[in-house]
1. Tilt of helix 507-517 relative to the longest C-alpha principal axis of the chain, in degrees (0 to 90, nearest 10)?
2. For the range 557-574, just list the computed ³J(HN,Hα) in residue order, Karplus coefficients 6.51, -1.76 and 1.60, θ = phi - 60°, integers in Hz, with x standing in for Gly and Pro.
3. Given a Förster distance of 56 angstrom, what is the FRET efficiency for Ala491 paired with Asp294, based on the Cβ-Cβ distance and rounded to 0.05?
4. I'm a student and want to see the number: the projected area of the Cα convex hull of the range 55-108, averaged over all directions, in nm².
5. At a probe size of 1.4 Å, how large is the accessible area of His437, to the nearest 10 Å²?
6. Give me the net charge for the shell around Ala86: Cβ to Cβ below 15 angstrom, other residues only, Lys and Arg +1, Asp and Glu -1.
7. For the range 267-274, take each phi angle, set θ = phi - 60°, evaluate the Karplus expression 6.51 cos²θ - 1.76 cosθ + 1.60, and give the result in whole Hz per residue in order, putting x for glycine and proline.
8. So for the chain, what are the equivalent ellipsoid semi-axes in whole Å, largest first, each being the square root of 5 times an eigenvalue of the Cα gyration tensor?
Amino acid sequence: MAAINSVVDLSKDGEIAVVTVNSPPVNALSADVRDGLAGAFAAIAADSAVKAAVLVCAGRTFIAGADISEFGKPPRGAPLPAVQDAMEGAPVPVVAAVHGTALGGGLEVALCAHYRVSDAKARFGLPEVKLGLLPGAGGTQRLPRIVGAKKATEMVTSGAQMGAKDALATGLVDEVVDGDLTAGAIAFARRVVAEKRPLKKVRDDASKLGGDAASLAPFFAEFRAKNAKAFKGFDAPEANIKCIEAAVALPFEEGLKVERAEFMKLMTGLQSAAQRHVFFAERAAAKIDGLPADVQPLPVKKVGVIGAGTMGGGISMNFLSVGIPVTIVEQKQEALDRGVAIIRKNYQNSADKGRFPQSEVEARMGRLTPSLSLEDLADCDLIIEAVFENMAIKKDIFGKLDKIAKPGAILASNTSYLDVDEIASATTRPEYVLGMHYFSPANVMRLLEVVRGARTDPQVLATAMAVGKQTGKIAVVAGVCHGFIGNRMLARRQQQANALLLEGAAPADIDRVLTDFGFPMGPFQMSDLAGLDIGWNAETSNGETVRDRLCEAGLRGQKNGKGFYLYDENRNRTPNPEALAIIDAYAAEKGINRRTIDDQEILERCLFPMVNEGARILSEGKAQRASDIDIVWINGYGWPVYRGGPMFWAEHDVGRARITQVLEKMGEEVSPVLKDGWKA
Ligand code: 3HC
């Protein structure tokens, strides 16, 4: 085998040339890979003994896309279109052999081969939209010429992948190979040569587009309308649709020009920079600073959950769904039955929607053991407490668990605010105690804050992070402080939202400013949804706060149809005049001078103090890195992904100087980390 360079080899099997890309971990199209491919196809073109070529990848996957880490840097190496032209224009048939995932630029390269084969597990997709981009190497023009404009529109706007079976049915691959992929691809190439099959170029065949501009216009209009809500705020989906429209309306080369122009717009924009940041931030979050390399997670084969309420039930589902048995403990039979019934109902709903077969509902429920006794948790490897947010109760439970749990079992609390070190002090094994803070609904929300106590053992921390990953969560390490990363910052937003309310902003205005920014709901919609009376006590309520007065007047939020808003039977909301009057009266009584507050002030006062708190969290070492804070806010609180998270937004959109200036005007103490900046 001759090395073209460090990542691409060229060898021959008789008259068939075999080009192998070997660039771990995912064979991304780095400058070296592009240079290697350009060199290999130049050599193939110059070798008259070669009758066909196979392109295959070593390692876990076919090319998984362009090398995202090169984006935004000065160009280097052979341009991707030149590599594609060399393949598509090769004098002999080129066969791409796909295993793993052919994604983005990887699929776009495969689409320049004359034929494609794959193994049975291969998957194909153009996920650029998830990075705020579109396929910029001909994907929007070639894919619809194989799978049709409709399917291509769905794929490029969602990033959804297609399996080998569907790929074969649509003609995206010509053959699914059993056994060794390279050998199968070489055999396929030999047949192509023997049968003198043509050098099929995807670009030349418009017969499968599925219509022309006029006949497909209603489809595109309907597609846009149907997805308006999902696409709201994002630039990339619309740009992707425009390119598929161009594929339908224009000759190939013209369509390619549209694609290039739209791609460059997105690539140089802030949204894609933000979404690329999030891609790497998600992966960085999994890394624990300072963890010795030889630390391996402990095995977690059985889990205990204490509390069968909304949180406990949701937490249990995470484990049941991936095959890990759970013992769930409640104090009263009735509460236990109710909790178990809700878990079953949730699974049943998913089965009814066709997400998995009925047998799967039974299999998952079969892994659940309901119990009324903590003693039944004696053989669990991990026990997660999810009871009422009260230190005394939690300490009592941890004291009991200390006596019951087997040596080496991890004891976790799902507390959202409380001091994990104090909880740990109720045990004789604080090194096995940590926080695992889930977000509601815990079976759906991806965020998991893993709270590292002062004495938590690194292996225990690594285990909680690994368990998070295994159950499909994005786990982020947080230090012990009130509210950890997410809720600690949220408190600052809520504080300002409440102040703005008294100074003259209407709840609906504050909510609108934040939803226009991209949050799924504003703070007062959130309060109404959670229930205004959460944590409120009718006996001790004395009208001291606006919340007291709203609750005293019988306003409870969505649950009784009236809160900051009034709700009709379809949950449509309109501002509640009664709530507004209560706020007015309260402000008057306190002598607050009410005024008109503009949208910019609302936005800045709600979000800038949060960024300041994020900077403090960093300076105190309660978050490992700024990007972890972004991940918490995107996955736990609905911060719009196209704005990259609060710390990215502060650094790259608004600018730290502006934030500092406004905070100083507000009389806030500005964190030195916010003034001086943080490590990216
Ligand atoms: N560029 C650079 N690095 C990449 C990469 C890429 N396209 N894809 C993955 N990586 C890196 C990851 O950052 C990670 O690095 P780390 O180990 O240092 O954290 C490592 O490869 C492994 O990635 P994962 O942890 O994600 O591994 P998985 O096995 O879970 O997933 C995958 C593999 C499905 C390929 C997943 O990594 C993925 O979805 N990658 C992105 C694919 C993509 O978006 N491709 C399109 C790129 S844009 C493009 O092609 C533009 C073109 O149209 C011009």
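The values are calculated or read from the model by the stated rules, or taken from the named source; none is laboratory data. Here the structure is a predicted model, which means the values were calculated and not measured. Cβ: placed from backbone, ideal geometry, glycine included. Neighbour counts: every protein chain shown. Surface areas here come from the heavy atoms of the whole protein model, side chains and all, with no ligands, DNA or RNA. Shrake-Rupley method; radii C 1.70, N 1.55, O 1.52, S 1.80 Å.
1. Between the helix axis and the principal axis of the chain, the angle is about 20 degrees.
2. Running phi through 6.51 cos²θ - 1.76 cosθ + 1.60 with θ = phi - 60° gives x, 4, 5, 10, x, 8, x, 5, 10, 9, 10, 8, 5, 9, 6, 6, 10, 9 Hz.
3. E between Ala491 and Asp294, to the nearest 0.05, is 0.90.
4. Working: hull surface 17.1 nm².
Over all viewing directions, the range 55-108 projects a mean Cα-hull area of 4.3 nm².
5. 10 Å²
6. Working: positive: Arg34, Lys201, Arg203; negative: Asp35, Asp47, Asp85, Glu88, Glu108.
Net of charged neighbours comes to -2.
7. These are the phi-based 3J(HN,Hα) values: 4, 8, x, 6, 4, 5, 4, 5 Hz.
8. Values: eigenvalues 501, 198, 121 Å².
Semi-axes (√(5λ), whole Å): 50, 31, 25.
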